[in-house]
Amino acid sequence: MARIAVGGFQHETNTFAPTKASFADFERAGAWPGLTRGAALFEAMAGLNVPFSGFMDEARALGHELVPLSWAQATPSAEVTEEAFERIVGQILADLAAARDLDGVYLDLHGAMVAEHLEDGEGETLRRVREVVGAALPVAVSLDLHANVTPDMVAHADRLVAYRTYPHVDMAATGARAARQLDALLSGEGGRQKAYRQLPFLIPVQAGCTLLEPAKSLYARLDGMEVGAVQSVSFMAGFGPADIWHCGPSVVAYGTEAAAVEAAAEELYDAACAKEADFDAPVWDAEAAVTHAIRYSVAAGRPVVLADSQDNPGGGADANTTGLLRELVRQGAEAAALALLWDPAAAELAHMAGEGAELRLALGGRSQVPGDAPLEATYRVERLGNGRFTGTGPFYKGARMDLGPMALLRLGGVRIVVASRKIQAADQAIFRHLGVEPATERILALKSSVHFRADFQPIAAEVLVVKAPGPNPLDHTELDYKRLRPGVRLMPNGPAFAPASRSARPR
Ligand SMILES: [Zn+2]
């Protein structure tokens with residue numbers, strides 16, 4: 001039996017997004033628990049599709065004792081404030097330093113955290129962890145598939161193990177894999193050889209879905225590569241809207257023999273590069289998508305799903321742009337429902353007005369994106385909710401949602417799910433909380449890029465990725481990058497980044 005310190009600190013930072021992540025954003029519960037410290041972690045995280053939860057179950061099944069640190073996450077957004085980073089990392093390190101007789105450390109990290117004062121949040125966190133525990137103690141880390149992996153992260157961890165599905169239905173399973181890898185390191189079977197490669201192009205988020213090619217077959221290779229001296233292989237698709245030197249996809253491999261580990265990383269790197277041109281997904285403009293959806297959904301008898309990807313809060317957006325909603329109303333869509341629109345003021349006004357009331361509102365439109373504005377109209381308040389419900393789909397399964405006051409507003413044939421906290425519309429329970437049965441709608445407009453597919457693709461006649469004004473561009477060439485490493489291609493087979501002035505490589 002080993003004593004393993006366990007914690008987590010997750011954030012996916014879109015440096016182009018409108019709002020930063022403050023300490024309060026990490027403290028507050030949303031889809032997942034808020035900042036939790038010490039023994040309370042074990043109950044708070046039980047049974048969730050979160051890496052920490054999977055690690056906890058597997059490590060205990062392997063007979064290990066867990067020493068709780070802290071776990072926190074906030075919805076993707078712009079930079080983590082310096083205060084939030086220092087306080088959360090500070091309490092993780094303080095508890096780590098106070099723990100006695102540790103045999104190993106596990107951290108549940110995302111791998112794309114940028115703080116106000118440093119651009120490699122996880123590299124810095126792991127560097128400080130090493131300062132506390134020393135070079136010899138095994139440190140295992142689970143990562144999101146969208147991690148931007150940096151040399152410091154590779155240097156200071158003995159294992160980086162990433163999700164293999166997008167939608168991320170294997171978050172807990174990845175934590176369990178990290179537990180088995182750490183167990184092997186503790187028993188001496190796990191090798192400490194490592195290899196790392198960065199790909200020379202960015203992958204747009206909609207093209208990384210593992211239900212579709214080429215990601216599907218690329219990820220399908222990984223299990224079979226972990227044989228003999230090669231013990232762990234991960235492919236991270238990266239997170240494009242992050243203006244940092246180490247933005248982009250990468251490969252890591254671990255095991256007992258340097259040559260075998262290098263060869264595995266090279267094989268996966270080559271396989272991914274060979275598919276560069278295929279990392280491309282068709283995108284519809286809002287007008288054409290709505291026209292198609294209205295026509296097609298009637299005959300199909302099942303909903304057409306429109307993914308409002310550029311306002312996906314899972315990519316750091318604020319889930320309040322109105323472009324797609326405006327188009328649905330303008331074209332007279334019937335039996336259409338949209339989720340979820342983050343507008344706490346509108347939710348509060350709806351609760352004050354009550355169910356059945358007519359309410360004049362300027363809804364959403366606060367992301368300061370060119371071409372977007374609040375949608376001023378008279379809405380009918382159809383239903384109110386307290387925002388507390390449980391996720392039922394494969395992605396948010398078991399998540400105890402706490403989204404604050406919620407309201408279902410109607411404008412013409414379109415019903416809008418309004419919430420006081422933002423999460424990705426990746427679970428049918430979001431609709432059902434307000435009495436909407438998604439399967440019987442004709443059109444579902446979802447502020448999500450890919451995660452929605454886990455729960456909505458089975459009921460959808462068709463899924464269209466829609467480009468309406470939003471802060472999370474599907475095309476990276478629309479972003480004003482300044483700090484990428486020179487030469488990296490902004491899109492598959494796209495233009496290479498060339499800094500206007502010499503970009504400063506971070507320390
Ligand atoms: Zn992700």
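Every number here is computed from the coordinates shown, using simple stated rules; none is lab data. Predicted model, so just to flag it, every value in this text is computed and none were measured. Ideal geometry is used to build each Cβ from the backbone, glycine not excepted, and the neighbour counts take in all protein chains shown.
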Distance from the Cα centre of segment 322-380 to that of segment 409-451, in angstrom? 12
Helix 171-187 against the longest principal axis of the chain: what's the angle in degrees, Cα atoms only, rounded to the nearest 10? 0
Could you tell me the center-to-center distance, by alpha carbons, between segment 56-130 and segment 251-291 in angstrom? 28
Please give the FRET efficiency for ALA496 paired with THR256, using the beta carbon to beta carbon distance and R0 = 51 Å, rounded to the nearest 0.05. 0.85
Summing +1 per Lys or Arg and -1 per Asp or Glu among the other residues with Cβ less than 13 Å from VAL227's Cβ gives -3
For the chain, take N as its residue count and report Rg(C-alpha) divided by 2.2 N^0.38 Å. 0.95
Hey, for a label at SER217 modelled as a point 7 Å past Cα toward Cβ, could you say which residues of segment 258-296 have their backbone N under 16 Å away? 268-280
Segment GLU287-GLU27, extension gain: residue separation times 0.36 nm, minus the distance between their alpha carbons: 89.6 nm
Calculate, in nm to one decimal, what ALA271 and GLU189 gain on full extension: separation in residues at 0.36 nm each, minus their alpha carbon distance. 26.7 nm
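Can you give the FRET efficiency for LEU102 and GLN331, using 1/(1 + (r/R0)^6), R0 = 45 Å, r = Cβ-Cβ distance, to the nearest 0.05?
The computed FRET efficiency comes out at 0.15.
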Using alpha-carbon coordinates, inclination of helix 82-98 to the longest axis of the chain, degrees: 40
Calculated P(r) tail over 22 Å for segment 1-139, as whole % of Cα pairs: 35
If you fit an axis through the alpha-carbon atoms of helix 51-61 and take the longest principal axis of the Cα set of the chain, what angle between them do you get, 0 to 90°, nearest 10? 50
What fraction of the DSSP beta bridges in the chain is antiparallel, stated in percent and rounded to the nearest 5? 45
Positive-end extreme of charge dipole, segment 95-252 - chosen from VAL105, THR165, GLY134 (charges on Cβ): THR165
Karplus 3J(HN,Hα) series, Hz, for segment 276-287 with 6.51 cos²θ - 1.76 cosθ + 1.60 (x for Gly, Pro): 3, 5, 7, 7, 8, 10, x, 10, 10, 7, 4, 4
Simple spin-label estimate for ALA345 and ALA39 in nanometres, 7 Å along Cα-Cβ: 4.6
Taking every alpha carbon pair in segment 349-507, what does the distance histogram look like in 10 angstrom bins from 0, in percent? 9, 29, 31, 18, 11, 3
In percent, what relative contact order does segment 353-507 have, based on Cα pairs under 8 Å that are 6 or more apart in sequence? 15
Please give the contour-minus-distance gain from ALA263 to VAL227: 0.36 nm per residue of separation, less the Cα-Cα distance, rounded to one decimal in nm. 11.7 nm
Percent relative contact order for the chain, counting Cα pairs under 8 Å at least six residues apart, stands at 17
Taking the Cα centre of each part, how many Å lie between segment 1-27 and segment 458-473? 27
In nm, the gap between the two label points placed 7 Å beyond Cα toward Cβ at GLU131 and THR440 is 6.0
With runs of 4+ DSSP H residues as the only contributors, calculate the mean residue ellipticity of the chain at 222 nm using -39,500 (n - 2.57) per run, divided by the residue total and rounded to the nearest 500. -8000 deg cm²/dmol
Note on segment 131-208: the mean projected area of its alpha-carbon convex hull, in nm², is 6.0
FRET efficiency for LYS482 and ASN386, Cβ-Cβ distance as r, R0 = 30 Å, nearest 0.05? 0.10
How are the C-alpha pair distances of segment 293-391 spread across 5 Å bins, as whole percents from the shortest bin up? 2, 11, 19, 21, 21, 16, 8, 1
Using +1 at the Cβ of each Lys and Arg and -1 at the Cβ of each Asp and Glu in segment 425-507, identify which of PRO495, PRO458, GLY435 lies farthest towards the dipole's positive end. PRO495
Tell me, what is the percent relative contact order of segment 176-310, built from C-alpha pairs under 8 Å that lie six or more residues apart? 28
Specify, per residue and in Å³, the volume enclosed by the convex hull of the alpha carbon atoms belonging to segment 98-161. 83
